[in-house]
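Let me begin by presenting the structure, written as structure tokens, before commenting on it.
The values are calculated or read from the model by the stated rules, or taken from the named source; none is laboratory data. If you're wondering where the values come from, they're calculated on a predicted model, not measured in any experiment. Backbone-built Cβ (ideal geometry, glycine too); neighbour counts: all protein chains shown.
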Amino acid sequence: MAHVVVLGAGLGGVIMAYEMKAKLGRGDTLTVVNQGGTYSFVPSNPWVAVGWREPKDISVDLEPVLGRRKIALRPEGAKRVHPAENRIELNDGSSLDYDYLIIATGPDLAFDEVAGLGPEGNTQSICQIDHAVQAKSAFDALVKKPGPVVIGAVQGASCYGPAYEFAFIVDTALRQKKKRDQVPMTFVTAEPYVGHLGLDGVGDTKGLLESAMRDRHIKWITNAKVAKVEAGKMFVEEVNDDGSVKQSHELPFAFSMMLPAFKGVPAVLGIEGLTNPRGFITIDKYQRNPKFPNVFGIGVCVAIPPVGKTPLPVGVPKTGFMIESMVTATAENIAALLKGEEPKAVATWNAVCLADFGDEGIAFVAQPQIPPRNVNWSAQGKWVHMAKVGFEKYFLRKVRSGQSDTFYENLVLDVLGIKKLKDIHLEAAE
Ligand SMILES: Cc1cc2nc3c(=O)[nH]c(=O)nc-3n(C[C@H](O)[C@H](O)[C@H](O)COP(=O)(O)OP(=O)(O)OC[C@H]3O[C@@H](n4cnc5c(N)ncnc54)[C@H](O)[C@@H]3O)c2cc1C
């Protein structure tokens, strides 16, 4: 009889709980520890920030849905994980023991690494729902009093798709309000070229995104290091390939949203053997921590090395499909351990992403993540916006109903040679 704990009930943690529950025996128990009792669908945050969604539209009260599946919820949140003692210290001072722990805490947002960055400083964020709500007030102020907009992702960020998405969504929202003509827009990114996305491009993401930005009158600065942000002004150093400063820019703005770099959450940061220096969970190919073999990691909180050298640090994105694949492999591997077998399931970390522009969008599939690839495909069209809405509805229905099948499995991409997108494969332990 084992007690499995999932730490974090975000996009990865909730489906992890459902898939794990389906694999546990009668006497086994499952607990989800989260910061609060509400799930919210992060990919819809850009829509919240321009008023296309209300927080309630994309949120789910976890207690009843987990309770129906006999999964316990501890909404106190974790203060610290103690992997050597197989226990989690919760924020209310209590302690929770586990036999197996799956860490799914997502990112901590490193706004502090750039002076003046973030919602407590001078730029907006869409990383969390409360940030998106705050960004909506700033967006309303922009509509009332139009001025320049700066959107992008700073050095060390690993989540570029949502930055592009948000730039195009703001463009669409401003056009709908007939204010776009009064708003010069600049996209600022640490990527070496538009469409790199932390993946050295996928298909023709460079061409597609550059063309879409030209078409929508969005200027861009790549290889951009944000030095500091003051109220209404961003100081950006555009660097050469060797990292030396090529040109300094002072960008005035009436509204700015910049994605920060990510790091590990305080509950795990600095635990030797569990995390890398930035606090990401180190895992082997079975999603398992090498030092603490009853601890697994899934989602944005796991350590993945960058795909190649770039003048400024550019991290690899962890998208929904990749995370679903990590979840399935982890459930298989813990189930194997519970049966006294060795873990064998390996997640295929393919990157599949739908980047919405509000009226159309770009989709890409990178298989494997690191080039050269077997599948390296990107496409643009109105269908991407529809597919993104479908992803939102499908995922929220899944969370509410406790299903564990996946959106991507049902999205037919057979033509690309990917039949079962949530694919994992089995490899004998070394
Ligand atoms: C704005 C934005 C848009 C995105 N859009 C897409 C998209 O369209 N498609 C796509 O595939 N991917 C997208 N992503 C990337 C990725 O899919 C999401 O970031 C996804 O939410 C990551 O899932 P996760 O489970 O790793 O982390 P999260 O969903 O962030 O969940 C982490 C959970 O852990 C909890 N937690 C943190 N610390 C603690 C603690 N100490 N104790 C207890 N609980 C804790 C948090 O409260 C949260 O509930 C997007 C990312 C962002 C930021």
Members of segment 310-369 found to be away from the ligand (no atom under 16 Å from the Cβ), small (G, A, S) and touching a Lys or Arg at 6+ places or on another chain (Cβ under 7 Å), listed by number: A335, A336
Lone qualifier among V170, V143 - being under 22 Å from D356 (Cα atoms), β-branched (V, I, T), in a helix (DSSP H, G or I) and more than 16 Å from the ligand (Cβ to nearest atom): V143
Checking V5 against (1) of a type outside the set (F, W, Y); (2) assigned to a helix (DSSP H, G or I); (3) touching a residue at least 60 places away in the same chain (Cβ under 8 Å), the condition it does not meet: (2)
Conditions (1) surrounded by 14 or more Cβ atoms within 10 Å (Cβ to Cβ); (2) basic (K, R); (3) within 25 Å of A135 (Cα to Cα); (4) within 27 Å of the chain's Cα centre (by Cα): number failed by K219: (1)
Residues located in segment 1-24, provided they are near the ligand (Cβ under 10 Å from one of its atoms) and not aliphatic (A, V, I, L, M): G8, G10, G12, G13
Test: residue in segment 66-86 that is within 16 Å of the ligand (Cβ to nearest atom), in contact with a helix residue (DSSP H, G or I) (Cβ under 7 Å, 6 or more places away or on another chain), among the β-branched types (V, I, T) and not in a loop (DSSP other than H, G, I, E, B): no
Check on G279, in contact (Cβ under 8 Å) with a residue 40 or more places away in the chain, part of a loop (DSSP other than H, G, I, E, B) and at positive phi: yes
Tally of residues being over 16 Å from Y160 (Cα atoms), without any contact (Cβ under 8 Å) to a residue 40 or more places away in the chain and not in a strand (DSSP E or B) across segment 173-206: 10
Residue ID - nearest to the ligand (Cβ to nearest atom), chosen from residues in segment 25-41 that are of a type outside the set (S, T, N, Q) and surrounded by 20 or more Cβ atoms within 10 Å (Cβ to Cβ): V33
Residue, farthest from V14 (Cα to Cα), within segment 293-309, restricted to residues that are near the ligand (Cβ under 9 Å from one of its atoms) and not in a helix (DSSP H, G or I): V302
Residue pairs meeting the criteria (Cβ under 7 Å; at least 6 apart or on separate chains; first part of a loop (DSSP other than H, G, I, E, B) and surrounded by 21 or more Cβ atoms within 10 Å (Cβ to Cβ), in segment 243-259; second modelled with pLDDT of 95 or more and among the hydrophobic types (A, V, I, L, M, F, W, C)): F253/V149; F253/V150; F253/M234
Scope segment 87-113; condition within 12 Å of the ligand (Cβ to nearest atom) and more than 23 Å from the chain's Cα centre (by Cα); matching residues: I88, E89, L90, N91, D92, L96
Subset of segment 270-309 (residues that are closer than 30 Å to E237 by Cα, surrounded by fewer than 21 Cβ atoms within 10 Å (Cβ to Cβ) and either in contact with a Ser or Thr (Cβ under 6 Å, 6 or more places away or on another chain) or of a type outside the set (G, A, S) (or both)): N276, P277, R278, A303, I304, P305, P306, V307, K309
In segment 207-237, the residues that are outside any loop (DSSP other than H, G, I, E, B), more than 19 Å from G147 (Cα to Cα) and touching a residue at least 40 places away in the same chain (Cβ under 8 Å): L208, L209, A212, A224, K225, V226, A227, K228
Test: residue in segment 114-123 that is within 16 Å of the ligand (Cβ to nearest atom) and buried (at least 24 other Cβ atoms within 10 Å of the Cβ): yes
